[in-house]
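I have placed the structure first, in the form of structure tokens, so that the comments after it can refer back to it.
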Amino acid sequence: MNGSFTIPKFRLPPFVTRLGQKLPQWPHALALVGALNAALKMNLLPESELALLEDKTFRVRVLDTGGEASYTYRDGLFRPIFRPERDPDLAFEANLSAYLQLLARQEDPDTLFFNRELEITGNTELGLVVKNMLDAVEWPALPASLLRIRHSAS
């Protein structure tokens, strides 16, 4: 089958949320910080905006997985926060499908926000900086073979 893959809107079952909330959350922070630092090394994030993130704290919560990650940007690197001591400067909450749609550029943050699928709380000015950074990212093209969906005949 040729064509582009569309990520559907979905919500994982409640038992996944309950289970995810009982699991350690530090692996989420390490994975997210690792991805953000990889984006830094690949020069995907606009350097001019990074100074505005210095010493700010962030939280990303994936509602239907029960997972969350807290992190900060300091001295040129994103760093995990394992035990947040205060509310984050900027927080995002959404279901997994909304985050996947954002990453795939299937939906933009404004649409998800106005459709109440993405909640953003905290410093409004910082939120605009982060949104503009995300909009400015030029994601590397994925090989066409990764974008094709292949169905085998049963």
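The values are calculated or read from the model by the stated rules, or taken from the named source; none is laboratory data. Computed from a predicted model, the values in this text were never measured in an experiment. Don't worry about glycine lacking a Cβ; one is built from the backbone with ideal geometry, like all the others, and counts go over all protein chains shown.
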Exercise. For the subset of the range 29-72 comprising residues that are within 19 Å of Asp135 (Cβ to Cβ) and acidic (Asp, Glu), which member is surrounded by the fewest Cβ atoms within 10 Å (Cβ to Cβ)?
Worked result: Glu47
For this session: Report yes if some residue within the range 82-89 is in contact (Cβ under 8 Å) with a residue 40 or more places away in the chain and under 28 Å from Glu125 (Cα atoms); otherwise report no.
Result: yes
Problem set entry | Residue within the range 38-46 that is closer than 26 Å to Pro14 by Cβ, assigned to a helix (DSSP H, G or I) and among the hydrophobic types (A, V, I, L, M, F, W, C) present | no
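Please indicate, with yes or no, whether at least one residue in the range 45-59 is β-branched (Val, Ile, Thr) and closer than 26 Å to Val137 by Cα. Give the steps one after another, and end with the answer.
Step one: of the range 45-59, the residues β-branched (Val, Ile, Thr) are 57.
Next, from what is left, pick out any that are closer than 26 Å to Val137 by Cα: 57.
Looking for residues that are β-branched (Val, Ile, Thr) and closer than 26 Å to Val137 by Cα, one finds at least one in the range 45-59, hence yes.
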Exercise. Which of the residues belonging to the range 96-107 are loosely packed, with under 14 Cβ neighbours inside 10 Å and either at pLDDT 95 or above or among the charged types (D, E, K, R) (or both)?
Worked result: Arg105
Exercise. If you go through the range 93-112 one residue at a time, do you hit one that is closer than 20 Å to Ala136 by Cα and either assigned to a strand (DSSP E or B) or over 14 Å from the mean Cα position of the chain (by Cα) (or both)?
Worked result: yes
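Name every residue in the range 17-28 that is over 26 Å from Leu128 (Cβ atoms) and under 19 Å from the mean Cα position of the chain (by Cα), in order of residue number.
In the first step, residues of the range 17-28 are kept if they are over 26 Å from Leu128 (Cβ atoms); the result is 17-27.
Correct list: Thr17, Gly20, Gln21, Pro24, Gln25, Trp26, Pro27.
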Problem set entry | Cβ pairs under 6 Å, 6+ apart, first in the range 47-71 and over 16 Å from Ala35 (Cβ atoms), second surrounded by fewer than 15 Cβ atoms within 10 Å (Cβ to Cβ) | Asp55/Arg74; Asp64/Arg11; Gly66/Gln21
Exercise. Out of the range 73-94, which residues are buried (at least 20 other Cβ atoms within 10 Å of the Cβ) and either touching an Asp or Glu at 6+ places or on another chain (Cβ under 9 Å) or more than 16 Å from Val33 (Cβ to Cβ) (or both)?
Worked result: Tyr73, Phe92, Ala94
Problem set entry | Phe92, sole failed condition from (1) within 20 Å of Leu118 (Cβ to Cβ); (2) touching a strand residue (DSSP E or B) at 6+ places or on another chain (Cβ under 8 Å); (3) at pLDDT below 95 | (3)
